[in-house]
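The values are calculated or read from the model by the stated rules, or taken from the named source; none is laboratory data. Nothing here was measured: the structure is a model prediction, and the numbers come from that model. We place every Cβ from the backbone using ideal geometry, glycine too, and count neighbours over all the protein chains shown. Surface areas here come from the heavy atoms of the whole protein model, side chains and all, with no ligands, DNA or RNA. Shrake-Rupley method; radii C 1.70, N 1.55, O 1.52, S 1.80 Å.
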Amino acid sequence: MARTKVHFDDVSLYGTPKEEPMPSIPVVSEKVSANFLKSQLQSWFQPTDNRLAMKLFGSRKALVKERIRQKTSGHWVIHPCSSFRFYWDLCMLLLLVANLIILPVAISFFNDDLSTRWIAFNCLSDTIFLIDIVVNFRTGIMQQDNAEQVILDPKLIAKHYLKTWFFLDLISSIPLDYIFLIFNQDFSDSFQILHAGRALRILRLAKLLSLVRLLRLSRLVRYVSQWEEVYFLNMASVFMRIFNLICMMLLIGHWSGCLQFLVPMLQGFPSNSWVSINELQESYWLEQYSWALFKAMSHMLCIGYGRFPPQSLTDMWLTMLSMISGATCYALFLGHATNLIQSLDSSRRQYREKVKQVEEYMAYRKLPRDMRQRITEYFEHRYQGKFFDEECILGELSEKLREDVINYNCRSLVASVPFFANADSNFVSDVVTKLKYEVFQPGDIIIKEGTIGTKMYFIQEGVVDIVMANGEVATSLSDGSYFGEICLLTNARRVASVRAETYCNLFSLSVDHFNCVLDQYPLMRKTMETVAAERLNKIGKNPNIMQQKDEQISNPESNTITAVVNALAAEADDCKDDDMDIKENLLHGSESSFMGPVQTIREGLPRPRSGEFRALFEGNTP
Ligand code: CMP
């Protein structure tokens, strides 16, 4: 056997290494060509870098390993991820669809004689389906519980196939009708007088036997579900499943229609059968088929009778059968389709469910009208019409991915907060991964003077007022500022109250995380302390409570501190200057009165900015 080498193929979509036989020394030209053919065939049976293989093995390296494993097993086994199996499945799929559509029509609507075209079609498809059984005996099996280990041992494959689909495949592939005709003693004699009674009965029985071929539906379901899983993901999979369901419904309608005609035809069209009542016995097959399909669809979709109610007993039973099976399929179809459509927008559905529950809760607790209004507004503002269990989603990710996602989610905050903009990127990353998103409504007291603080806040969007003990507003802070840090730095009580003037989207940092991060970045602590001292000075409190240590600060460090302090000072001044304008613009007429205790909310998504908010929310009010 020729030794193999592995090389990377430039043309391959995933750059997957391909195995190729080493050029063997040409001894005899026939031997060379035989070897070439053999290796070509073997490479066709090997897994290629198609989607199924990449999904199963994950990496090119694993794929190469799998190829080598298959090669060393030394059997003529087709890998389920090989090109051969892919194209074979595709051909089988097309042939199956053709079979399942053509067979019932041919059996029900065409004359009793054995036309050559019909025999040729049947022989060809039967042969291919029999070959498919042989191919299945030589195709590796993907295990459900151990997806990475494909069974390549022919004995195990055969055992598995015999235990599962073999008998169904065999019965649906062997030409029972022809075997029956061949073994019928009288057939050859009666063939000349084809329309004589006995021969006719035999042919009709043969026709019934050929219905067994419809069991091939099981193969169709198998192939389609396998392809669905691998080739259609996410949204495409939902649409593909709905499309499959519709096709399945139409196929069952088609079969039922053919059966509606087949039964009276086998009875020789009695005068009270629906075919005779509609005078369709001698009509063109397409007309007969159309009426039969109409009848089947009426049973299935409308639980109706079609044009006339059944007159004969057989017709009545047939109608009943068709109604029961049709209605069951229709109900299943509706259930599946509803489920699939609902799964398209699960976050919106979850949000609506949450809102519904909250509404019921508010009614149950008989909450006052204005409180209900505030709760509803809070929900609208906080969740924007979509609900995610973000903690759970992020918990499923790897640490690195989680950090990247959180950093990305907080990018607007980082860009707008001068404290972050001038800081070390590691510090920023350390802080943002510990932030908690919170929303406050206009008038909410976020911090109460004199209390013990447990967290500080960064403002993503909104305006807050720093309120002194005498009720005077010392200053206002807006997007990009932070507050609540003095208490954490000094371990004393809050030096002022902080009140939300507009809807505020804040990120909070708990005292433990605050200390943990600042212990690692003493320069950032110093920066904060400098800003805090300035702030205290501004509101007439003693800045010495900051207990500045007399450590030497290097030049670049002092530059950073100055940059942050200046940026914050400029931002605070801007905010004060524009204070009245901002309030006018952002309050939307809301009362900025005290509205009860500070609300803290579970971790969640930063909301889109106010412009996006309105666009997003339009039409989603619960
Ligand atoms: P803390 O004392 O924890 O709680 C009240 C907060 O108001 C305080 O921290 C500061 O963050 C903030 N604050 C107090 N005075 C000013 C000021 N002059 N300018 C900006 N923010 C201030």
Selected residue (criterion: surrounded by the most Cβ atoms within 10 Å (Cβ to Cβ)) from residues of region 456-466 that are more than 9 Å from the ligand (Cβ to nearest atom) and either without any contact (Cβ under 8 Å) to a residue 60 or more places away in the chain or in a strand (DSSP E or B) (or both): Phe458
Residue match in region 279-295 (condition: touching a residue at least 24 places away in the same chain (Cβ under 8 Å), exposed (fewer than 13 other Cβ atoms within 10 Å of the Cβ), more than 14 Å from Phe110 (Cα to Cα) and of a type in the set (D, E, K, R)): no
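One line per residue, one yes/no per condition, for (1) closer than 17 Å to Cys516 by Cα; (2) in contact with a Gly (Cβ under 6 Å, 6 or more places away or on another chain):
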residue: Ile375; (1), (2): no, no
residue: Cys392; (1), (2): no, no
residue: Cys410; (1), (2): no, no
residue: Asn426; (1), (2): yes, no
residue: Ser429; (1), (2): yes, no
residue: Met456; (1), (2): yes, yes
residue: Gln460; (1), (2): no, no
residue: Ser476; (1), (2): no, no
Subset of region 78-134 (residues that are open to solvent by 30 Å² or more (accessible area, probe 1.4 Å) and among the β-branched types (Val, Ile, Thr)): Val97, Ile101, Ile102, Thr116, Ile119, Thr127, Ile128, Ile131, Val134
In region 438-455, the residues that are open to solvent by 40 Å² or more (accessible area, probe 1.4 Å) and in a loop (DSSP other than H, G, I, E, B): Lys448, Glu449, Thr451, Thr454
Count - residues of region 534-544 that are assigned to a helix (DSSP H, G or I) and within 12 Å of the ligand (Cβ to nearest atom): 6
Met323 vs. criteria closer than 30 Å to Phe269 by Cα, open to solvent by less than 80 Å² (accessible area, probe 1.4 Å) and over 21 Å from the mean Cα position of the chain (by Cα): yes
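Residues are listed down the side, and each one gets a yes or a no for (1) in a helix (DSSP H, G or I); (2) more than 11 Å from the ligand (Cβ to nearest atom); (3) β-branched (Val, Ile, Thr); (4) closer than 18 Å to Asn422 by Cα:
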site: Gly480; (1), (2), (3), (4): no, yes, no, yes
site: Ile486; (1), (2), (3), (4): yes, no, yes, no
site: Val495; (1), (2), (3), (4): no, no, yes, no
site: Thr502; (1), (2), (3), (4): no, yes, yes, no
site: Asp512; (1), (2), (3), (4): yes, yes, no, no
site: Met524; (1), (2), (3), (4): yes, yes, no, yes
site: Ala532; (1), (2), (3), (4): yes, no, no, yes
Unmet criterion (only one of (1) assigned to a loop (DSSP other than H, G, I, E, B); (2) touching a Phe, Trp or Tyr at 6+ places or on another chain (Cβ under 9 Å)) for Ser508: (1)
